[in-house]
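Remarks on the structure that follows.
The values are calculated or read from the model by the stated rules, or taken from the named source; none is laboratory data. Fair warning: this is a prediction, and the values are worked out from it, not measured in the lab. As a convention, Cβ positions derive from the backbone with ideal geometry for all residues, glycine included, and neighbour counts pool all protein chains shown.
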Amino acid sequence: MLNVADVHSYYGRAHILQGVSFALPAGAVMVLLGRNGAGKSTTMKTLIGIVRPAQGRIEFAGADIAGWDTHRIARAGLGYVPEERRIFTDLTVMENLEVGRQPARDNRPPWTPDRLFALFPNLGRMRNRTGGRMSGGEQQMLAIARTLMGNPRLLLLDEPSEGLAPVIVEEMANAILALKQEGVTVFLAEQNPHFAARVADRATVIEQGRIVWTGTMAALQADEAARSAYLAV
Amino acid sequence: MTVLAVAGLVKSFGGVQAVNGVSFSVAAGEMLALIGPNGAGKSTCFNMLNGQIKPDSGRIALNGRNIAGLSPNRVWRLGVGRTFQIAATFASMTVRENVQVALLAHRRHIWRFWRPAAAWFVPEADALLTQVGMRDQAERAASVLAYGDLKRLELAIALANAPRLLLMDEPTAGMAPAERTALMQLTRSLASRQGLAVLFTEHDMDVVFGVATRIVVLNRGELIAEGDGPTIRADPRVRAVYLGSGVTSGGHRC
Amino acid sequence: MGFILVQFLTGLASASSLFLVAAGLTVIFGVTRVVNFAHGSLYMLGAYLGWTILSALPRDPAWFALGVVLTGAGVAAIGMTIETTLLRRIYKAPELLQLLATFGVVLIVQDVVLKVWGPDDLTLPRPRWMRAFVTIADQRVPVYDLLTIAIGPLMLLGLWLLFTRTRWGTLVRAATQDREMVAALGVDQRRLFTAVFALGAGLAGIGGALALPDGSANGQMDLTVITDAFVVVVVGGLGSLPGAFLASLTIALLQAFGIVLFPKITLVLVFIVMAVVLVLRPNGLLGRPLAAARGDANTPALVRAAVPALRWLGAAVLLLAALAPLFAGPFALSVLTEMAIAMLFAASLHAMMGPGGMVSFGHAAWFGLGAYGAAFAVKGLALSMPAALIIAPAGAALAALLFGGFVVRLSGVYLAMLTLAFAQIVWAIMFQAVSVTGGDNGILGVWPAAWATDPRTYYWLTLAICTAGVLLLRRILYAPFGYALRAARDSETRAAAIGLNAAWLRLAALVMAGAAAGLAGGLTAFAKGSVFPGYVSIGRSVDALLMVLLGGVQSMAGPVAGALVYTGLFDILLMVTDLWRLVLGLSIVALVLIFPQGIAGTVHRLWLRGREA
């Protein structure tokens, strides 16, 4: 699904990604772990094209998307849910979803507001509420639903559990597992090890701009050294 | 010794009760966690303590003196330090200068127009930076710091007025698990050493149950539970509205 | 009764044309966050292009409508060109640089229009249908006015439907909030921005064409219209279409009646309205507080004292300047005097704009008050020149203190527009209080004291005072006060949380800047021997803004470099070409594209490259 090879990215003059390489198989839920400032967010932003990689290949759905414009990457089927959610607070739930709408792809049934409201029942009860009048948890669900309206092949989630109450984080985890059932591939950056362990079947760890560990979640939890280094509390 | 005593705090916005008769207290050296669902009124509570919002009614006593309704800068002068959910520092200054400005404000030296600011309170600023482990980055621009370091700088700024009470709004938001524990352990040791009362909000249950001496839980503007970690974990109402089953927050083990 | 009706209808008609321009401006600002000073130029292009097109078409109403639409399309195309070639490249630059670039476009368009259509006012012959009247309550009301009246609300309705009922409108409103996110959802935001800019430009173009039958196409309309349009947009609340409509109505009606009731006040009526609205509602009638634009461009850079090499360069320039009278002729000497004063004037604006974070569109107010203060002192009070040079900054500082209380509560464009309002009110007083100020003729014979009549002596005096003034400002900005001021700019929440009172700090900075600008004004009065209302004009304020922006707001060296380059460039251009606006405009645009951090900022960056992150 996604094949990243030796990607370098700069943020201003700071060399953040220093040769990131990993592969993500279709249908997987993979978590990107790492310290703050290790390059998790920059990896996500580089994949969607908000940060342009200085070097390297990003193969996605049969094309090298490195250097493409963000909107073109999104149309190729990469969905991005940013940190801090970035809901359009002046727009209603329905309008937020409309902004995300893109044509169906791969002969799969397209996501519609009704299907999304089945996944996130809370949203269905506030169709005409503006984003600014929703709680953090509701905004996070809307952010994911909005991106799903683009019928992405791969969903990037940057810290989806950040700043949310535990009971909401749990709902979020259930929603991601439901998406996995639907066959959506998910790549998420996460700081909450419990959440990561619950939803992910694969993990990759970034440190100082380089990938230092990749494997299945089971392998990570079995590897005592890696587990205490990357999943420790 | 009680540093902060809040009694019957009430605030509503356009008919919606954001905070409805909340009372609690924090003692010197204590770490009190304020938790609750998103939108439960935690931020409103915080902003009233800090002076950014005026309460409709209720009493906020700092060392016995009512500070309800005072402006943020008055509250600060009376010994309340604060860190923000998104670290607020001065981007156009170096790490040391950030602390120097706070010290200059604390000592009422702001209205001076001649001697360069860089020459004031260098040893004091460096001492504060040493406390939070930022001494070796004193010359760097605040705008280029890693987020965890920025949070520590913010802590140093908040400590510049030798506060009696420290308010921390989601202090570990955006940090990796290891950094979270480190920052809160640091805060805890400062609190017990200096007799500082700390009140913080937080969504990371590992941090809450790991460092808080006591926990109060808000829901829809009302206080629904208060107690130590095990008591809160066992409370069925808290589980229902906030903690959930615990599968994504470290379980309900005690 | 009938008279009131006619004035009312006239007011409604001008409200409509005002709304057309303001709507485009507010839509462009809302989406791109670019404060488009060139919007008045697009209106002017609409008038000229409309004249060309309509003169060539048959005179029937249908052809007239077609001509107006064609003009709108033409100006939309011009707008599209401006957006794709210039603005698109600087969306990520600091907001002030975008402002500077649109100033450049204003200058370019002025000369282009002059070259293409000539200096004369162009009027359109009015065919019979346009001269028709209907009789309402015994009064003859022009049909064309009624037509114009209808266009405003229709346009509001159309735009409202476009923005709330279509997918395109939803995308535009989303992009207004977060363009990066819109792109991440698969929308080509660059095309969206171009389309919005074209729409706004088209509306301005239509506005310009529709104004032709009642007026003319002339070379001054760009600045007149941009000021009015800005006032409307700010009074209504930035980015708010209904707000712009409401503000157009309010202002146009007040003007229609004001011109009859208080003829003297009409020059400043709009500014008085704006000042009152902003004092009562800091975000305009229907506006909301603006969220900070996302992006790193507006993150303030680390402020450090100049590196030794730059200090040596400064000292060398100063030495050269001190020796200049030994070999410079009288003209060169007067240019040098002007440069020294410009340096202090620019540094004073920088103090409030850079560390203070308050952009001013009306800095000439303090300059003019200083100049008039000095003139009154010597002519009215028969005081000596040194006394006058103390009164000049003191008077300006006092005015800044009285007025500053209103200003420091606002922020961003609102604050800038309130300073402009104040400057315009001062200008109107100087222009209209003829018995005291001499009106348009100014006050003449403001000559230096006997010991300083020699231009060389006066130059040395000016150089010494201005250099000392700039160094003093610098000293203050590096002192605790300057740091506290900068702290309040960098993070208002943090500043409040450490006990800083941002309002008092900003007020002090405004007073300080006012005093320094007043001193510059006083020195100018003696250098020229006279004062005129022009000293308080928008053009003078724009000069100061250009100097600071060219130099860069990030460092103290910026305004000094900007003042020297701008004054020098300007005087040389005046000498060598009559197309000086075109050349200056192109230079500004080129400078913005090449040096997005300003001159000093770019030099600083190059200096730091490879040294320290």
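Listing for the model above:
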item	result
Candidates A:199, A:167, A:205 - the one that is within 14 Å of chain B (Cβ to nearest Cβ), touching a residue at least 60 places away in the same chain (Cβ under 8 Å) and more than 13 Å from the chain's Cα centre (by Cα)	A:205
Filter result for residue B:199 (buried (at least 19 other Cβ atoms within 10 Å of the Cβ), within 25 Å of residue B:96 (Cα to Cα), touching a helix residue (DSSP H, G or I) at 6+ places or on another chain (Cβ under 9 Å) and of a type in the set (A, V, I, L, M))	no
Which numbered condition residue C:573 fails, given (1) touching a residue at least 40 places away in the same chain (Cβ under 8 Å); (2) away from chain B (no Cβ under 14 Å); (3) not hydroxyl-bearing (Ser, Thr, Tyr)	(1)
Subset of the range B:165-190 [more than 10 Å from chain A (Cβ to nearest Cβ) and surrounded by 20 or more Cβ atoms within 10 Å (Cβ to Cβ)]	B:165, B:166, B:167, B:168, B:169, B:171, B:183, B:184, B:187
Residue check, residue A:227 within 14 Å of another protein chain (Cβ to nearest Cβ), of a type in the set (Lys, Arg), free of Cβ contacts under 8 Å to residues at least 12 places away in the same chain and not in a strand (DSSP E or B)	yes
Verdict on residue B:193 being surrounded by fewer than 21 Cβ atoms within 10 Å (Cβ to Cβ) and touching a residue at least 60 places away in the same chain (Cβ under 8 Å)	no
Condition check for residue B:63: within 7 Å of chain C (Cβ to nearest Cβ), surrounded by 16 or more Cβ atoms within 10 Å (Cβ to Cβ), farther than 24 Å from residue C:305 by Cα and under 18 Å from the mean Cα position of the chain (by Cα)	no
So residue C:242, is it in contact (Cβ under 8 Å) with a residue 12 or more places away in the chain, in the same structural domain as residue C:79 (by TED's automatic domain parsing) and out of contact with any strand residue (DSSP E or B) (no Cβ under 6 Å at 6 or more places or on another chain)	no
Residue within the range C:503-510 that is in contact (Cβ under 8 Å) with a residue 12 or more places away in the chain, within 14 Å of another protein chain (Cβ to nearest Cβ) and more than 26 Å from the chain's Cα centre (by Cα) present	no
Close pairs (8 angstrom Cβ cut-off, 6 or more residues apart or separate chains): among the acidic types (Asp, Glu) in the range C:77-105, in a helix (DSSP H, G or I) anywhere	C:83/C:193; C:83/C:194; C:83/C:197; C:83/C:198
Candidates C:192, C:156, C:162 - the one that is free of Cβ contacts under 8 Å to residues at least 60 places away in the same chain, among the aliphatic types (A, V, I, L, M) and surrounded by fewer than 23 Cβ atoms within 10 Å (Cβ to Cβ)	C:162
Test result for residue C:480, more than 25 Å from the chain's Cα centre (by Cα), under 26 Å from residue B:118 (Cα atoms) and in the same structural domain as residue C:401 (by TED's automatic domain parsing)	yes
Scan of the range C:187-210 for residues that are part of a loop (DSSP other than H, G, I, E, B) and at pLDDT below 90, ordered by number	none
Top-ranked residue of the range C:477-495 - restricted to ones that are among the hydrophobic types (A, V, I, L, M, F, W, C) and without any contact (Cβ under 8 Å) to a residue 40 or more places away in the chain, ranked as farthest from the other protein chains (Cβ to nearest Cβ)	C:495
Residue ID - farthest from residue B:43 (Cα to Cα), chosen from residues in the range B:187-215 that are of a type in the set (Gly, Ala, Ser) and within 12 Å of the chain's Cα centre (by Cα)	B:191
Listing of helices (runs of 4 or more DSSP H) fully contained in the range A:85-145 that carry 1 or more residues being surrounded by fewer than 22 Cβ atoms within 10 Å (Cβ to Cβ) and among the charged types (D, E, K, R)	A:93-100, A:113-119
Complete set of residues in the range B:71-100 that are within 18 Å of residue B:134 (Cα to Cα), at the interface with chain C (Cβ under 8 Å from one of its Cβ atoms) and assigned to a loop (DSSP other than H, G, I, E, B)	B:88, B:89, B:90, B:91, B:92, B:93
Strands (runs of 3 or more DSSP E) wholly inside the range A:5-84 that include at least 1 residues being within 11 Å of another protein chain (Cβ to nearest Cβ)	A:14-24, A:29-33, A:78-81
Selected residue (only one of A:173, A:145 is of a type in the set (Gly, Ala, Ser), under 28 Å from residue A:197 (Cα atoms) and facing another protein chain (nearest Cβ under 8 Å))	A:173
Test: residue in the range C:497-509 that is modelled with pLDDT under 90 and over 30 Å from residue C:379 (Cβ atoms)	yes
Whichever residue in the range C:1-51 is hydroxyl-bearing (Ser, Thr, Tyr) and modelled with pLDDT under 90 and, among such residues, is nearest to residue C:182 (Cα to Cα)	C:32
Criterion (crowded, with 21+ Cβ neighbours inside 10 Å, touching a strand residue (DSSP E or B) at 6+ places or on another chain (Cβ under 8 Å) and over 30 Å from residue A:38 (Cα atoms)) met by exactly one of B:224, B:215	B:215
Residues satisfying the stated conditions in the range A:26-67, i.e. small (Gly, Ala, Ser) and either crowded, with 24+ Cβ neighbours inside 10 Å or in contact (Cβ under 8 Å) with a residue 24 or more places away in the chain (or both)	A:26, A:27, A:28, A:34, A:38, A:39, A:41, A:49, A:54, A:56, A:61, A:66
Residues of the range B:124-155 classified as more than 22 Å from residue C:304 (Cα to Cα) and within 13 Å of another protein chain (Cβ to nearest Cβ), total	6
Qualifying residue in the range C:150-161 (condition: part of a helix (DSSP H, G or I) and in contact with a Lys or Arg (Cβ under 9 Å, 6 or more places away or on another chain))	no
Failed item in (1) in contact with a strand residue (DSSP E or B) (Cβ under 8 Å, 6 or more places away or on another chain); (2) within 12 Å of another protein chain (Cβ to nearest Cβ); (3) of a type outside the set (Asp, Glu), with residue B:116 passing the rest	(1)
Where a residue in the range C:253-269 is touching a residue at least 60 places away in the same chain (Cβ under 8 Å) and closer than 10 Å to residue C:7 by Cβ and its partner, wherever it lies, is among the aromatic types (Phe, Trp, Tyr) and part of a helix (DSSP H, G or I), with Cβ under 9 Å and at least six apart	C:253/C:8; C:256/C:8; C:257/C:8; C:260/C:3
